[in-house]
Amino acid sequence: FASLEVPAIKVDRELTQPVTAVVVSPDGRLVAEARYTGVELRTAKGEKILHRFEGLPGKVASLSFSHDNRRLVAATGITGLSGTAVIWDVVTGRKLHEISGHRDLLYDALFSPDGKILATAGYDQKIRLWAAGSGELVRTISGHNAAVLDLAFHPNGEVLASASADETVKLWRVKDGVRLDTLNQPQGRQRSVAFTPDGEAVVAGGADSKIR
């Protein structure tokens, strides 16, 4: 067989990997920044790196702190193979859990307001709820017909919203996974979803260039 011979080209400067996710802690004191398979946790002013988390299985698609500022979770995985959520202790830098169960890359992972539930979602169209303290699966939620790109908990923790490439936002009851509503007005994949702080409205936006 013929072999491909590629000349060695010297790099004239240090290359920096692109930033794939950034999040600020709820108390505003910390910033976590992901660069493909690694995460840096630093002070908000940027003068000190507190921890580096390396060796994640794939691209980090999102980062989220728990509401008490004590834990950080990264949504990552390997395309076409598995999705993984990794949880660290913010103070010690110790890895608490590495949670797997999705069959494709994760796009989001976040804690419920009380910190007891971790919600994950990704390309396999599934939403999974885990016990955040133990990493045990609580339930799997199905209903989307395409990748689930973003999640948001209602401030009271009782409802979960999901934004999907199937051009819908769905609302789910957390305690039993029952679908409460499907918001199907969008005409393009929905990339982002959030509740207002008072919990009175859910806001989403996506590929149709509209915010609803």
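Over the stretch 1-125, what portion of Cα pair distances is larger than 24 Å, expressed as a whole percent? Each step should come with its number before you reach the end.
Details: 2526 of 7750 pairs.
Of all Cα-Cα distances in the stretch 1-125, 33 percent exceed 24 Å.
What's the local net charge at residue 77, with K and R +1, D and E -1, over the other residues with C-beta under 15 Å away? Present the calculation step by step, with values, prior to reporting the outcome.
Working: positive: 59, 103, 126, 128; negative: 98, 104, 108, 124.
Computed value for this residue: 0.
So for the stretch 1-120, averaging the separation of alpha carbon pairs under 8 Å that are six or more residues apart and normalising by length, what relative contact order in percent results?
Values: 280 pairs, mean separation 20.4, N = 120.
Relative contact order, the stretch 1-120: 17 percent.
Taking semi-axes √(5λ) of the Cα gyration tensor in Å as the quantity of interest, determine which of (1) 25, 22, 16; (2) 30, 22, 17; (3) 27, 23, 15 was computed from the displayed structure.
(2)
Can you tell me, using C-alpha contacts under 8 Å and at least 6 residues apart, the relative contact order of the chain as a whole percent? Mind dumping the intermediate values first?
Numbers: 562 pairs, mean separation 20.1, N = 212.
Averaging sequence separation for qualifying contacts and normalising by length gives 9 percent for the chain.
Mind scanning 45/170; 170/210; 59/95; 126/175; 95/116 and naming the pairs with a C-alpha gap bigger than 25 Å? It would help to have the intermediate numbers written out before the result.
Numbers: 45/170 37 Å; 170/210 17 Å; 59/95 18 Å; 126/175 17 Å; 95/116 17 Å.
Where the Cα-Cα span goes over 25 Å, the pairs concerned are 45/170.
Calculate one ³J(HN,Hα) per residue across the stretch 75-92 by plugging θ = phi - 60° into the Karplus curve 6.51 cos²θ - 1.76 cosθ + 1.60, and present them in order as whole Hz with x for glycine and proline.
9, 8, x, 10, 4, x, 10, 7, x, 9, 10, 10, 10, 10, 7, 5, 6, 8
For the stretch 122-208, give the percent of accessible area contributed by carbon and sulfur heavy atoms, probe 1.4 Å, rounded to a whole number. List each step's numbers first, then the result.
On the way: 1760 of 4090 Å².
That fraction is 43 percent.
Can you check what the net charge comes to around residue 184, using other residues whose Cβ is under 10 Å from the Cβ of residue 184 (Lys, Arg +1; Asp, Glu -1)?
Around residue 184, the charge tally is -2.
Give me the accessible area of residue 63, 1.4 Å probe, in Å² rounded to the nearest 10.
20 Å²
With an 8 Å cut-off on Cα pairs and a minimum separation of 6 or more residues, tell me the relative contact order of the stretch 71-133 in percent. Write out the running numbers ahead of the final one.
Values: 150 pairs, mean separation 16.6, N = 63.
Computed over the stretch 71-133, the figure is 26 percent.
Counting only other residues whose beta carbon sits under 9 Å from that of residue 158, what net charge do I get with K and R as +1, D and E as -1? Display every interim value, and only then the final one.
Working: positive: 173, 175; negative: none.
Every neighbour counted, the sum reads +2.
With a Cα-only, solvent-free Debye model of the stretch 56-145, what are the log10 I(q)/I(0) values at q = 0.11 Å⁻¹?
-0.26
Taking just the C-alpha trace of the stretch 165-212, give me its Rg and Dmax in Å.
11.2, 33
Taking the dipole about the Cα centre of the chain, with the C-beta of Lys and Arg at +1 and of Asp and Glu at -1, give me whichever of 96, 207, 20 is farthest to the positive side.
Towards the positive end, the residue furthest out is 96.
The values are calculated or read from the model by the stated rules, or taken from the named source; none is laboratory data. It should be emphasised that the depicted structure is a prediction, and the values quoted were computed from it without experimental measurement. In this analysis, Cβ positions are derived from the backbone assuming ideal geometry, glycine residues included, and neighbour counts consider all displayed protein chains. Heavy atoms of the whole protein, side chains included, go into the accessibility calculation; ligands, DNA and RNA do not. Shrake-Rupley method; radii C 1.70, N 1.55, O 1.52, S 1.80 Å.
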